[in-house]
1. Please state the equivalent ellipsoid semi-axes for the chain: what are the square roots of 5 times the Cα gyration tensor eigenvalues, largest first, in whole Å?
2. Net charge near His174: determine it from the other residues with C-beta under 15 Å of the C-beta of His174, scoring Lys and Arg +1 and Asp and Glu -1.
3. Provide, in order from the shortest bin, the percent of all Cα-Cα pairs of the range 133-197 in each 10 Å bin, continuing until the bin that contains the maximum pair distance.
4. Exposed loop GluC sites (Glu not before Pro) only (DSSP loop, at most 13 other Cβ atoms within 10 Å): please give the longest stretch of the chain free of them, not including the sites.
5. Among Lys48/Lys136; Lys75/Lys121; Lys26/Lys124; Lys69/Lys136; Lys48/Lys75; Lys26/Lys75, which pairs are too far apart, with a Cα-Cα distance over 28 Å?
6. Can you give me the % of accessible surface on the chain that is carbon or sulfur? Probe 1.4 Å, all protein chains present, nothing else counted.
7. What does the charge count near Leu140 come to, summing +1 for each Lys or Arg and -1 for each Asp or Glu among other residues with Cβ under 15 Å from its Cβ?
8. Could you order Ile45, Ile169 by accessible surface area, starting with the largest, using a probe radius of 1.4 Å?
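The values are calculated or read from the model by the stated rules, or taken from the named source; none is laboratory data. Everything numeric in this text was worked out from a predicted model, so none of it was measured. Positions of Cβ are generated from backbone atoms using ideal geometry, with glycine treated the same way; all protein chains shown enter the neighbour counts. Only protein heavy atoms, including side chains, enter the accessible area calculation; ligands, DNA and RNA are left aside. Shrake-Rupley method; radii C 1.70, N 1.55, O 1.52, S 1.80 Å.
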Amino acid sequence: IIYASRTHSQLSQVMGELRNTRYRPKHSILGSREHSCIHPKVNPIVAKGKGSPGVEPKTSTEVNNGCSKLCKERKCMFRNNLEDAQGKSGVWLPPTVQRADENKSFEQPVLDIEDLVALGKQHKICPFYHSRSHLKEAELILVPYNYLFDRDARETTLAEVDFSNAVLIFDEAHNLEEFASESSSFDLSSADIAGCI
């Protein structure tokens, strides 16, 4: 099941409702690095907290590029810690989740983006890549709309998802037309047009 919503806050609400049920599917909630990168040099707003004195916000492009660069150079201790902790299983489990036997299933805690960030800070692991490590086995995937509309996101982040057998649920589907229009549109300034002439 792929559950898509327009905003991260709406996905957090869904995770809150899931927490109130007995249903505990293997799941993954995906968000941008802007919401889940905890490296203080790459994303100081998330790392130190909103409203911290002297913290200058970075653009999503700066956060994406900074994260990609550190990961490519293997200089992000949070991603490196996650990879070391994952070991053979490829999935890191918080210490509170006991898995007596590697072959037995476990009950994955229901965590939204904010919970993943808190867990990442506590255990010094990368929440962004941690959530992605659950994709392959996920029965429920929660994503913002753009993960389904953006071809690159579908072909990279969601590459392991079998869409032929997937059920897609769009929260507030009346927003899809406007979202699709906005995502395939762009603005040209007079300076852009002048530069073309």
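1. 30, 23, 16
2. Net charge around His174: -4.
3. 16, 39, 24, 12, 8, 0
4. Values: sites that count: Glu73, Glu102, Glu107, Glu139, Glu160, Glu172.
Result, exposed sites excluded: 1-72.
5. Lys48/Lys136; Lys26/Lys75
6. Result for the chain: 50 percent of the exposed heavy-atom area is carbon or sulfur.
7. Values: positive: Arg19, Arg22, Arg24, Lys26, Arg132, Lys136; negative: Glu17, Glu107, Asp112, Glu137, Glu139, Glu160, Asp162, Asp171.
With Lys, Arg at +1 and Asp, Glu at -1, the net is -2.
8. Ile169, Ile45
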